[in-house]
Amino acid sequence: MSDEGEPMGEMRRGTVHLSQLRERWADIAWTALCVVLVLWVALNLLGVARGWENAWNYCAVGVALLGIAWWMRILSIRSRARRRV
């Protein structure tokens, strides 16, 4: 059994395949950024527990950046849903 499916077709400007590919890459990028920021916050929370210097500052910055990245990811998903309707 093969998972090849149908051929994709041309990837020229204005085609559906190209826009789907861009959306897929954007999803991957936003998700990767959120994962990295979650790890950053978790590491700094560990630093707070161990008494590392300035760990609270790094943790606060990480939480703020995570909130912004998560909100932008949600907005991109919502705007994509509105365009398809």
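Quick look at the numbers
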{"item": "Close pairs from the stretch 35-54: first within 16 Å of I68 (Cα to Cα) and touching a residue at least 12 places away in the same chain (Cβ under 8 Å), partner assigned to a helix (DSSP H, G or I) and hydroxyl-bearing (S, T, Y), Cβ under 9 Å, at least 6 apart", "result": "W40/Y58; V41/Y58"}
{"item": "Single residue of the stretch 50-85 satisfying the filter (over 26 Å from R24 (Cβ atoms) and small (G, A, S)) that is surrounded by the fewest Cβ atoms within 10 Å (Cβ to Cβ)", "result": "G51"}
{"item": "Residue among V36, V41 that is open to solvent by less than 80 Å² (accessible area, probe 1.4 Å), modelled with pLDDT of 75 or more and not acidic (D, E)", "result": "V41"}
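The values are calculated or read from the model by the stated rules, or taken from the named source; none is laboratory data. Computed from a predicted model, the values in this text were never measured in an experiment. FYI the Cβ positions are ideal-geometry reconstructions off the backbone, even for glycines, and counts take in every protein chain you see. We work out accessible area using only protein heavy atoms, side chains counted, and drop any ligands, DNA or RNA first. Shrake-Rupley method; radii C 1.70, N 1.55, O 1.52, S 1.80 Å.
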